[in-house]
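Nothing in this text is a laboratory measurement; each read-out follows from the coordinates by a stated rule. The shown structure was predicted, so the numbers you read here are calculated from the model rather than taken from an experiment. Neighbour counts run over all protein chains shown; Cβ positions are idealised from the backbone, glycine included.
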Amino acid sequence: MLKLIKFGADFCQPCKTLDAILNNIDSVEIEKVDIMEDQNRANENSVRKIPTMILTKNNQEIWRHVGVLPQTEIESKIKELE
């Protein structure tokens, strides 16, 4: 099962932009992690820059991207890695 984890923060404008894009994607479970509220989780996943998206399959990382991508590119990556 695929899951997309998005690491970001309220003060980050690109994170807000990415949130709006992710709100339109329903082909995968999406978890949003605020690094200011859950710094340990960010550290465990070696998140150094935000926004960071990590796609996991069976709880194993299979793809990572730092920054914002268009919705079509995110959906294409999800389909490719299903």
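Consider region 10-61. How many of its residues are surrounded by 13 or more Cβ atoms within 10 Å (Cβ to Cβ), of a type in the set (A, V, I, L, M, F, W, C) and either closer than 20 Å to residue 76 by Cβ or touching a residue at least 40 places away in the same chain (Cβ under 8 Å) (or both)?
11
Would you please name the residue that is surrounded by the fewest Cβ atoms within 10 Å (Cβ to Cβ), looking only at residues in region 62-72 that are touching a residue at least 40 places away in the same chain (Cβ under 8 Å) and farther than 21 Å from residue 82 by Cβ?
Among residues in region 62-72 that are touching a residue at least 40 places away in the same chain (Cβ under 8 Å) and farther than 21 Å from residue 82 by Cβ, the one surrounded by the fewest Cβ atoms within 10 Å (Cβ to Cβ) is 67.
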